[in-house]
Amino acid sequence: MLSRDITALAQADAMRRDFVANVSHEIRTPLTVLAGFVETMQSLPLTEPERAKYLELMAAQSARMQTLVNDLLLLSRLEGSPLPGVNEVVDLGALMAQCENEARGLSELLHPDDARPQRLYFDAPPPFELTGAASELRSAVSNLINNAVRYTPAGGTIDVHWERLPDGGARLSVTDTGPGIAPEHVPRLGERFYRVDRSRSRESGGTGLGLAITKHVAQRHGGELQVSSQLGKGSTFALVFPPPRVRPLPAGAAAVSALAAAA
Ligand code: ADP
């Protein structure tokens, strides 16, 4: 008699089924709304303002599907491509400047003319660089910062901070004064489509894949995603990179970075 343990295979199969069901569900909702509007526009005489309003709603639904498909493609690229090498150097100054611009834009978009705008604090560029895939790291970092902006209410604070660790590694932390996350949810963050607050996620354009992408990118770089949170107080999401991925800046760049920090 030959016996074989197929637990892992069965688990993988169940995961695949869940994933397909989740993707279909995520796409079906905006598609149903979109189809409904198309039908309305085809069958009812509409005034110009009504037409404009429906088209705007349709555009929002198709944008949602586009974001979802982009995130899915990014995840599948991450799974299928070789691990990032240690020869490509990532300019953290440029990367952080891009993420900061994006986050400030998003914050203004979500809180237009708010009497209590969010306060965003970004450290000066760190005096070290990382090796790895720049585009992947940009997605990972911007997901964490954009989440902090999306989930933190008006008047809240978001702090973005790089530090060198005693073992020679590096850590990026994004701390917010948002709603926080109850302890039972924390271990499941990073699972595809796992959301704590479904409606807030959808309202602010979330796909439920951001942290899955971020966790994947961290692991591909030999690092990890850490989450600590207190309900009602806020959260800290951190990316930790191991020493082989961290290099001091070349002398000239280090001087520029020191000047930027002093300014
Ligand atoms: P989404 O697109 O839904 O934001 P993510 O994978 O980026 O998906 O995040 C998963 C879930 O984790 C979110 O739906 C939200 O409930 C929770 N979450 C993520 N970041 C924060 C945060 N900074 N504060 C509170 N909850 C958060």
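The values are calculated or read from the model by the stated rules, or taken from the named source; none is laboratory data. Everything quoted here is computed from the prediction, not taken from an experiment. Quick reminder, even Gly has a Cβ in these numbers, built from the backbone with ideal geometry, and neighbours come from all protein chains shown. Surface areas here come from the heavy atoms of the whole protein model, side chains and all, with no ligands, DNA or RNA. Shrake-Rupley method; radii C 1.70, N 1.55, O 1.52, S 1.80 Å.
Has region 58-80 got at least one residue that is open to solvent by less than 80 Å² (accessible area, probe 1.4 Å) and more than 30 Å from Leu144 (Cβ to Cβ)? Don't jump to the end; show me each part of the working.
In the first step, residues of region 58-80 are kept if they are open to solvent by less than 80 Å² (accessible area, probe 1.4 Å); the result is 58-65, 67-69, 71-72, 74-76, 78, 80.
In the following step, the residues that additionally are more than 30 Å from Leu144 (Cβ to Cβ) were identified as 58.
Checked region 58-80: at least one residue is open to solvent by less than 80 Å² (accessible area, probe 1.4 Å) and more than 30 Å from Leu144 (Cβ to Cβ).
Considering only residues that are acidic (Asp, Glu) and surrounded by fewer than 14 Cβ atoms within 10 Å (Cβ to Cβ), which ones fall in region 164-187? Spell out how you get there, then give the answer.
The first filter runs over region 164-187 and keeps only residues acidic (Asp, Glu), leaving 167, 176, 184.
Of everything in region 164-187, those that are acidic (Asp, Glu) and surrounded by fewer than 14 Cβ atoms within 10 Å (Cβ to Cβ) turn out to be Asp167, Glu184.
Evaluation of Gly190 against the conditions (1) touching a residue at least 24 places away in the same chain (Cβ under 8 Å); (2) within 11 Å of the ligand (Cβ to nearest atom); (3) open to solvent by 70 Å² or more (accessible area, probe 1.4 Å) shows that the sole unmet condition is (3).
Looking at Thr214, Thr175, which one is closer than 16 Å to Leu75 by Cβ and hydroxyl-bearing (Ser, Thr, Tyr)? Please lay out each step first, then the result.
Working: Thr175 fails: closer than 16 Å to Leu75 by Cβ.
Of Thr214, Thr175, the one residue that is closer than 16 Å to Leu75 by Cβ and hydroxyl-bearing (Ser, Thr, Tyr) is Thr214.
When the residues of region 83-101 are filtered to those that are part of a loop (DSSP other than H, G, I, E, B) and over 16 Å from Gly223 (Cα atoms), the one that is modelled with the lowest pLDDT is Asn87.
Considered as a group, the residues in region 198-222 that are open to solvent by less than 60 Å² (accessible area, probe 1.4 Å) and either free of Cβ contacts under 8 Å to residues at least 60 places away in the same chain or assigned by TED's automatic domain parsing to the domain that holds Pro30 (or both) include one that is farthest from the ligand (Cβ to nearest atom), and that residue is Gly222. Please verify whether region 224-247 includes one or more residues that are aliphatic (A, V, I, L, M), surrounded by 15 or more Cβ atoms within 10 Å (Cβ to Cβ), within 19 Å of Leu95 (Cβ to Cβ) and within 10 Å of the ligand (Cβ to nearest atom). Within region 224-247, none of the residues are aliphatic (A, V, I, L, M), surrounded by 15 or more Cβ atoms within 10 Å (Cβ to Cβ), within 19 Å of Leu95 (Cβ to Cβ) and within 10 Å of the ligand (Cβ to nearest atom).
Is it fair to say Ala154 is more than 9 Å from the ligand (Cβ to nearest atom), within 30 Å of Asp18 (Cβ to Cβ), touching a residue at least 12 places away in the same chain (Cβ under 8 Å) and exposed (fewer than 14 other Cβ atoms within 10 Å of the Cβ)? Give the steps one after another, and end with the answer.
Values: more than 9 Å from the ligand (Cβ to nearest atom): yes; within 30 Å of Asp18 (Cβ to Cβ): no; touching a residue at least 12 places away in the same chain (Cβ under 8 Å): yes; exposed (fewer than 14 other Cβ atoms within 10 Å of the Cβ): yes.
Taking the combined requirement at face value, the residue does not satisfy it.
When you scan region 134-141, do you find a residue that is closer than 17 Å to Ser204 by Cβ and open to solvent by 20 Å² or more (accessible area, probe 1.4 Å), even just one?
no
Those helices (runs of 4 or more DSSP H) of region 148-263 in which 1 or more residues are closer than 26 Å to Ala134 by Cβ and out of contact with any Leu (no Cβ under 7 Å at 6 or more places or on another chain) occupy 210-220, 251-262.
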